Every structure is written in C-alpha cells, then in structure tokens.
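I have placed the structure first, in the form of structure tokens, so that the comments after it can refer back to it.
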Amino acid sequence: MKVQWHSPEYDEIINQILEKLDKAQNIFTIAHPYADGDAIGSELALYHYCKAVGKNCVVLNFEPVPEQLSWLEGYDVCTDKLPDNVDFDLAILMETTEARRLGNRVDLFKRAKFTIHIDHHINVDGLGQINLMDEKASSTCEILYNIFEKTGVPLPKACREALYVGIMTDTGNFRYNNSTARAHEVIAKILGNDLIVDDIYKIVYENTNLNRVIIHGLTMMRTKPYYNGKIVASWLKLEDFERFGASEVDADGVIRNISCINGSEIAVLFKENPDNRVKVSLRSYGNIDVMAIAKKFEGGGHILAAGVTVDGSMEEVQNKIIEACIESIKAYEEKQ
C-alpha cells in the first residue's frame, strides 16, 4: 500500500510495524546492492535502535562500504551472511527498490518468520507482509524516523547520525526537490547538540582517495555529447578499475560531475559489469522522466535519478539507452 505522511493510513501501518518490532527479538535488515548513504544509513539506524532497546539486529551488506560512509559507527557489523543458529523473528527490507535488483538475495527473506518492506522509490511493489511505501518521502531514513518517532524511545547519537547521512545524501545535501518541509523537520529533530554537520559534510563529500579521483577524472575526460548536447554520456569498463586498482565504490557519485553540463537534459553513465552486462545510471536536469526510460529496460528509481542493468556489450547497451533518451527528449519537445 502506497501512503503519504501524515495520514490515518500511514499511522495504521506504523502501528502494525511497531507491533511486530516490539515482539521480535532477532531481526535482520537488507538493502539494495552497492548500498548508498540512504541504504547504509537506514540499516545502521535500525541496528542502533535495536541495540538501544535490547534487540539483536544483523545488518546484511554484500559489497564494500564506500569510504565516505565507513566512518559511521557500526559499519563494521555489516556481514554478508546470516548465522545458521539463529531463528529470525523479523526481516526488514529497506531501500530495496525492486526484487529484480536483489537477485537471489530475496531467498534470504525466507529465513524470517515475518517481513516488512520500507521504501520511498516510485512504483515499487512491496515485498513484505507489511509494506510502508511513501513516495513523497525524501529517503528511506525519513520513513524510518517516522516509525522511531512514534516509539518515544530517545535515539542514540549513532542512530541519529546514520539517519542524517541517509537524508543528506538522498537529497543531494538538501539541493534536490525532495528536500521537503518534512525532511527538514526530521533533520531538526535528530540534530540535537551532538551532531556536527560541517564535519559530516566534509567526511561524506570532501573525503576521497587517489583511485576515486582518477576514476572520476577518466569519466569526465570521456564524456561525449549526443543529440545537440542535450544528452551527455560517459563510460567505465572493467579494465579501468583493474588498471588503477579501483573498485565499484570509487565510481560512486561520478555521474554528478557530468550532470551539471550546460544545455544537457540527461546525463548517462555506463559501467561494464561481468557476464556481459552493463550498469546504467541516468540523471535528469528536470524536464525528462529518466525513471520511465529505465523502466523500458526493467529498471527503476526516481523521476530525476534512475538506473538499470542491461544485458549486452558496452556498445550495444550504449546504443539502446542513448536511442531511448533521444526518443524521450523528442517526445518532450513535441509537447512544448
């Protein structure tokens, strides 16, 4: 069920979630692959809440935590497997977008007696027995705070810090139009006197390594214009990461560097994956619905930021995606 805060329907779902959370002792949480600030933030915020109220929470994360997030307290508890000797009462799926993106990790849900799905992405089908899908929320961390707020439990600093990072990163440091009044209200409530926001900003946005700088620079150097510059695109191949000893996480955020080019409507980044697949990230300047483009290839996301992984060679996928982007821009131009 898709709801919007604040409404009676929203409150009722939160009550159902709190009932399950209150009764559960052993919980695990999972988010989408290559977790970003909102995914890691929501997982760790839940972990710290559970720890504060005496519950056991296992945080599942299958890839390296990005360096910009690895300072968050509790990141070292992330694991890629569930302990065999624990009966899990509850699994909470956060920031998972769609089942296809999770692959065979969906099978892990069967380990829990009950499942809850919390998400803010558009047109996502809930995967849980209880689903709280708020498409107007800035982030999954914002939705999670709405749940915590109703418990009345004082949130420890580590929990609030994780929530702050999730909201900050998913709003582009409060630059995107999902920086709603409610998002700012939540931020005001979680800041307290112990979160130093300028330090957090520097760690997340101004903390990097040489490999990351090289990967970002290589991407910018390769940027090409299409359709009279209304589309800008770049690419990264597996050999690029191997050559510079870089990892997938070093490419995190690189699309922001090319999405600011004057005159562009859509920015696209192609990243080669193993097994003849290409990961595609799409960003819109504001006029084009890139989520609609991603959905043509079974992807998803948001209207202004979306992604999809497509089978095929780099050249094949580039041709398909660029063609789809041109079609979308033409359709928009015809309506003007």
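The values are calculated or read from the model by the stated rules, or taken from the named source; none is laboratory data. Source: prediction; values computed, not measured. FYI the Cβ positions are ideal-geometry reconstructions off the backbone, even for glycines, and counts take in every protein chain you see.
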Original post:
If you scan the range 188-212, which residues turn out to be touching an Asp or Glu at 6+ places or on another chain (Cβ under 9 Å) and in a helix (DSSP H, G or I)?
Top reply: Lys189, Ile190, Ile200, Asn211, Arg212
**OP:** Any residue in the range 119-137 that's within 22 Å of Leu163 (Cβ to Cβ): show its pairings with residues that are hydroxyl-bearing (Ser, Thr, Tyr) and assigned to a strand (DSSP E or B) at Cβ separation under 7 Å, as long as the two are six or more apart or on different chains.
**Re:** Gly128/Thr115
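Every residue, every condition in (1) free of Cβ contacts under 8 Å to residues at least 60 places away in the same chain; (2) outside any loop (DSSP other than H, G, I, E, B); (3) touching a Ser or Thr at 6+ places or on another chain (Cβ under 7 Å), yes or no:
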| residue | (1), (2), (3) |
| --- | --- |
| Cys260 | yes, no, no |
| Gly263 | yes, no, no |
| Lys271 | yes, yes, no |
| Ile288 | yes, no, yes |
| Ile322 | no, yes, no |
| Ser328 | no, yes, no |
| Ala331 | yes, yes, no |
Original post:
Could you list, in sequence order, the residues of the range 294-320 that are free of Cβ contacts under 8 Å to residues at least 60 places away in the same chain and part of a loop (DSSP other than H, G, I, E, B)?
Top reply: Lys296, Phe297, Gly299, Gly312, Ser313
Original post:
Of the conditions (1) of a type in the set (A, V, I, L, M, F, W, C); (2) farther than 23 Å from Ile190 by Cα; (3) touching a helix residue (DSSP H, G or I) at 6+ places or on another chain (Cβ under 6 Å), Val58 fails just one. Which one is it?
Top reply: (3)
**OP:** With the condition kept exactly as written, say whether any residue in the range 167-184 is farther than 30 Å from Cys325 by Cα, of a type outside the set (Ser, Thr, Tyr), surrounded by 20 or more Cβ atoms within 10 Å (Cβ to Cβ) and at pLDDT 90 or above.
**Re:** yes
Original post:
When His184 is evaluated against the numbered criteria (1) part of a helix (DSSP H, G or I); (2) over 26 Å from Ser138 (Cα atoms); (3) not basic (Lys, Arg), which criterion, by number, is the only one it fails?
Top reply: (2)
Subject >> Selection count, the range 277-304, where residues are touching a Leu at 6+ places or on another chain (Cβ under 7 Å), of a type in the set (A, V, I, L, M) and either within 19 Å of Asp38 (Cβ to Cβ) or surrounded by fewer than 21 Cβ atoms within 10 Å (Cβ to Cβ) (or both) >> reply: 2
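In this structure, is Ile303 in the same structural domain as Gly229 (by TED's automatic domain parsing) and within 18 Å of Pro225 (Cβ to Cβ)?
Values: in the same structural domain as Gly229 (by TED's automatic domain parsing): yes; within 18 Å of Pro225 (Cβ to Cβ): no.
Against the criterion (in the same structural domain as Gly229 (by TED's automatic domain parsing) and within 18 Å of Pro225 (Cβ to Cβ)), Ile303 does not qualify.
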Original post:
Wholly within the range 1-103, which helices (runs of 4 or more DSSP H) include no fewer than the required count, namely at least 3 residues that are in contact with a strand residue (DSSP E or B) (Cβ under 8 Å, 6 or more places away or on another chain), without any contact (Cβ under 8 Å) to a residue 12 or more places away in the chain and surrounded by 22 or more Cβ atoms within 10 Å (Cβ to Cβ)?
Top reply: none
Original post:
Hey, among Ile266, Ile255, which residue is touching a strand residue (DSSP E or B) at 6+ places or on another chain (Cβ under 6 Å) and under 19 Å from Tyr332 (Cα atoms)?
Top reply: Ile266
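For every residue, the table says whether it meets (1) within 21 Å of the chain's Cα centre (by Cα); (2) more than 19 Å from Gly312 (Cβ to Cβ).
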| residue | (1), (2) |
| --- | --- |
| Met221 | no, yes |
| Pro225 | no, yes |
| Asn228 | no, yes |
| Ala233 | no, no |
| Lys237 | no, no |
| Glu242 | no, yes |
| Val249 | yes, yes |
| Val254 | yes, yes |
| Asn257 | yes, yes |
**OP:** Go through Ala39, Ala112, Ala31 for me and flag whichever is assigned by TED's automatic domain parsing to the domain that holds Glu135, over 18 Å from the mean Cα position of the chain (by Cα) and modelled with pLDDT of 85 or more.
**Re:** Ala112
**OP:** For Ile255, work out the one condition from (1) surrounded by 20 or more Cβ atoms within 10 Å (Cβ to Cβ); (2) in contact (Cβ under 8 Å) with a residue 60 or more places away in the chain; (3) of a type in the set (A, V, I, L, M, F, W, C) it doesn't fulfil.
**Re:** (2)
Original post:
For Asp125, which of the numbered conditions (1) part of a helix (DSSP H, G or I); (2) modelled with pLDDT under 95; (3) closer than 18 Å to Ala91 by Cα fails to hold?
Top reply: (1)
